[in-house]
Amino acid sequence: MLYRSSWPRKGQMKRFFQNLFLFLIMVVTTSLFFLLLFSLMKVTQTGNMHNNSTNGTSDDCNLTDTFGFLIQFVLATLAFSILVLKRYREPKYERRSVMVWLLDVSKQAIGAGFIHVFNVLASQLFFSHQDPCSLYFVNMFIDMTIGLLILYGLISLSRYLLRDSSYDYLKSGEYGNPPQAKSWLMQCGIYLLIMIVQKLLVCPLVLLPFWSKFRKFLFSPLEGHGKLEVVVVMLIVPLFCQRFYVLGPG
């Protein structure tokens, strides 16, 4: 009589860890989304209370009032339009299908959105006693320099670790034929985790003392012009830097 092992087979174990990993990514991503949403609501309430307390006479920078959200909406619209234009400037034989392009762009949007919301929260809530526009600029400046190098290294590392993986749906830009939602979700979760690690690594740099003098020197010409500060740090600078920062997971 042959003895049959009660241990799960190798294929069953792979599927178990695959589903477990998918579940953990969904939990982390969903929890992070609601945490950021709740924090943004608190920031908005704080900004409205500040505006009411000053009876609308203050012209300080505010990233989360109506004007701030309007500028962010304009930025998102222009950024998406630039990506559409970039797609149609690609040679037709290199151009991805519309579905694959949308999946790739959505991953970029989620990653960029996480960085943007995190920087807004850090500038408006965690350092509420300082100028949020100049703090947002410092966060963005670090993301565009040291953070970009870290991001490139983490993406390269993830591609190296997954190069021989039998799970093709984990490889960036591979969604199956036809594209599968599970592939996009897994890759989106991996990319979001990479962005979280990047922010954790660069966050301590914002606390370096020399940034205070740098912000004061750079934003002294805009002092007393809060809305102009918002336009500069939320619209002009990001659009100028987008051409260098499109480092997508796709």
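The values are calculated or read from the model by the stated rules, or taken from the named source; none is laboratory data. Just so it is clear, the structure is predicted and the values come from calculations on it, not from any experiment. Here the Cβ is made from the backbone with ideal geometry for all residues, glycine too, and neighbour counts use every protein chain on show. The accessibility values were calculated without ligands, DNA or RNA, using every heavy atom of the protein model including side chains. Shrake-Rupley method; radii C 1.70, N 1.55, O 1.52, S 1.80 Å.
Numerical summary
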read-out	value
Charge tally in the Cβ shell below 15 Å around Arg95, where Lys, Arg are +1 and Asp, Glu are -1, Arg95 excluded	+2
Lys, Arg +1 and Asp, Glu -1 on Cβ, resulting dipole of the stretch 69-115 about Cα centre, debye, nearest 20	160 debye
Accessible area expressed per residue, the stretch 69-138, with surrounding protein chains retained (probe 1.4 Å, Å²)	54 Å²
Fully extended contour minus Cα-Cα distance, from Glu94 to Leu161, at 0.36 nm per residue	21.5 nm
